[in-house]
Amino acid sequence: MRNIEQIYIDGSFVTPHGGEYADLFNPATEETIGRVRLGDAVDVNAAVAAAKRAFPAWSRTAKAERIAALHRLADAVAARTADLSAAMTEEYGAPGYFVGFTAAYGAKFFRDMAGVLEAYDFDRKVGSADVRRVPLGVVAAITPWNGNYVFICGKLATAIAAGCTVVIKPSEMSAIQTQVLTECLHEAALPPGVFNIVNGRGDVAGAALTTHPDVAKVSFTGSTAVGRGILRSAAETMKRVTLELGGKGPNIILDDANLDAAIPTAMMAGLGNSGQACIAGTRILAPRSRLPEVLERLKAVVGAVKTGDPTDPTVQVGPLVSRKQWDRVQGYIRLGLEEGAELLVGGEGRPEGLARGWFARPTVFAGVNNGMRIAREEIFGPVLCVIPYVDDAEAIAIANDTSYGLQAYVQGADLERARRVADQLECGRVAINGAAHEPLAPFGGFKQSGLGREYGVYGLEAHLEPRAVLT
């Protein structure tokens, strides 16, 4: 059992004022593996006060000092990659390939941002005015359970580079990851108060943080429903807001696509991270002219997906994070059948041979139209829908007929045609033919997938305000 009794404020591990505890679970076994003591509004106030005290000095540091701090943070995180990976596997159930892919990004976020900062010019001449971009102030960073420590690293790196100070409210469901990461960050020896970390519930610590008058900006990754509430709260004090929210990504398979590559790519885009990803390509748009072939291949590929113990290197889909999430996914599978969709593969319940753990069967529905709830609502589990289309224009229309707009996928042999399709999609990112992640490119969504952008220079500038001096 891992009992986490402290939070991090003003450069020290301290016992929180809050006395509530939350249990921690291993989703692969359903066993309780620890508990975490949660902070409350008093703790948030203390953390914000520490960040506010640290801001004047930190905001005036030279670029060289911040760059050095970012490299120290990267080194400290890289030194414990194995511990962070183990924590992600144990308390989240992420399969090995996902852990291996994401683990490297924790330290890389700091190094990438150091490079961005090195090249960035805060001062510009605009006509007769001198324009300087200055840090906003105290930033509230709120992170989700699906890759918690990596999100913390990304948000912290950007705020530190900009000269802001930070209060982080991570998911209480990921407290082991948070504890290991906090120990890493402490080793980097940043000035007290530059970053602070408070475990706590969203409706307690999160609410206190997003309404706090001394917080200048909120950076939130999570659900669209919670994001709406944060936006309303932030408006009271005109906080700057970056929201990276939900998605219902389309994956357009063009009629010239090589299905030998496109179908495995579609499977991974939809089922990666066990389907618990905002960028998941869960709506597969297939040309009617090739629909039987697409369905046959999807049934074979998804039917062969191995679900199980995330420590098994051959496993592709691990458990869902909690019983609540498992119940939610089961409800959507039932809903798909009630809506008249055809169950191509998968269905309700656990996969064969798994008697415990919050494992869901990788599921594909055919016969779906874009008006069905399973095609419109974010399920956040290993459930895919196949929607047929006639031509490129209809595929684009279906893809854009959604309240979301985070990430889309296009697959086809003619790259110029695929680019023309991509240029018409209403989303923040489009990956063509399984394109690799680009960590410096802007990340964020159109419509109800969020506001603003993260990563690279786009994320840096979201933490800065331009000030013009006229002489």
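Filter the stretch 175-215 down to the residues that are assigned to a loop (DSSP other than H, G, I, E, B) and within 22 Å of Glu91 (Cα to Cα) and list them by number.
Step one: of the stretch 175-215, the residues assigned to a loop (DSSP other than H, G, I, E, B) are 188-194, 198-201, 211-215.
Selection gives Val198, Asn199, Gly200, Arg201.
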Inset, instruction - Return the residue satisfying two criteria in turn: it lies in the stretch 77-119 and is of a type in the set (Gly, Ala, Ser), buried (at least 21 other Cβ atoms within 10 Å of the Cβ) and outside any helix (DSSP H, G or I), and of such residues it is modelled with the highest pLDDT. - result: Gly93
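Suppose we keep only residues that are of a type in the set (A, V, I, L, M) and crowded, with 17+ Cβ neighbours inside 10 Å within the stretch 43-66. Which one would you say is farthest from Glu31 (Cα to Cα)?
So the residue we want is Ala54.
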Legend entry - Residue tally, condition surrounded by fewer than 22 Cβ atoms within 10 Å (Cβ to Cβ), of a type in the set (A, V, I, L, M, F, W, C) and within 19 Å of Leu406 (Cα to Cα), over the stretch 366-386: 0
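Tell me the residue from Ala341, Ala360, Ala366, Ala375 that is within 21 Å of Thr89 (Cα to Cα) and either outside the structural domain of Gly93 (by TED's automatic domain parsing) or hydrophobic (A, V, I, L, M, F, W, C) (or both), please. Break it down into steps so the answer makes sense when it comes.
On the way: Ala341 fails: within 21 Å of Thr89 (Cα to Cα); Ala366 fails: within 21 Å of Thr89 (Cα to Cα); Ala375 fails: within 21 Å of Thr89 (Cα to Cα).
Answer to the check: Ala360.
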Inset, instruction - Tally the residues that are over 21 Å from His186 (Cα atoms) and either at pLDDT below 95 or in a loop (DSSP other than H, G, I, E, B) (or both), restricting the search to the stretch 145-174. - result: 2
Inset, instruction - Please verify whether the stretch 20-37 includes one or more residues that are farther than 28 Å from Gly357 by Cβ and at pLDDT 95 or above. - result: no
Inset, instruction - Check whether at least one residue in the stretch 293-311 is touching a residue at least 40 places away in the same chain (Cβ under 8 Å), among the small types (Gly, Ala, Ser) and assigned to a loop (DSSP other than H, G, I, E, B), and report yes or no. - result: yes
Inset, instruction - Starting from residues that are surrounded by 13 or more Cβ atoms within 10 Å (Cβ to Cβ) and hydroxyl-bearing (Ser, Thr, Tyr), keep the ones in the stretch 290-324 and report whichever is nearest to Glu90 (Cα to Cα). - result: Thr311
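Under the condition of being polar (S, T, N, Q) and assigned to a helix (DSSP H, G or I), which residue from the stretch 220-243 is nearest to Cys278 (Cα to Cα)?
Filtering the stretch 220-243 down to residues polar (S, T, N, Q) leaves 221, 223-224, 233, 237, 242.
Then drop every residue that is not assigned to a helix (DSSP H, G or I), which leaves 224, 233.
Values: Thr224: 10, Ser233: 23 Å.
So, considering only residues that are polar (S, T, N, Q) and assigned to a helix (DSSP H, G or I), the one nearest to Cys278 (Cα to Cα) is Thr224.
Of the residues in the stretch 343-365, how many are surrounded by fewer than 22 Cβ atoms within 10 Å (Cβ to Cβ) and touching a strand residue (DSSP E or B) at 6+ places or on another chain (Cβ under 8 Å)? Quick ask: steps written out before the conclusion?
First, pick out the residues of the stretch 343-365 that are surrounded by fewer than 22 Cβ atoms within 10 Å (Cβ to Cβ): 343-345, 347-356.
Subsequent filtering for residues that are touching a strand residue (DSSP E or B) at 6+ places or on another chain (Cβ under 8 Å) retains 343-345, 347, 351, 354.
Count: 6.
Kindly evaluate Thr165 against the criterion of being under 22 Å from Ala207 (Cα atoms), in the same structural domain as Arg72 (by TED's automatic domain parsing) and of a type in the set (Val, Ile, Thr). Break it down stepwise before answering.
On the way: under 22 Å from Ala207 (Cα atoms): yes; in the same structural domain as Arg72 (by TED's automatic domain parsing): yes; of a type in the set (Val, Ile, Thr): yes.
So Thr165 fits the description; yes.
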Inset, instruction - Would you check if there is a residue in the stretch 132-148 being farther than 30 Å from Thr32 by Cα, of a type in the set (Ser, Thr, Tyr) and buried (at least 24 other Cβ atoms within 10 Å of the Cβ)? - result: no
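The values are calculated or read from the model by the stated rules, or taken from the named source; none is laboratory data. Predicted, not measured: the structure shown is a model, and the values here were computed from it. Quick reminder, even Gly has a Cβ in these numbers, built from the backbone with ideal geometry, and neighbours come from all protein chains shown.
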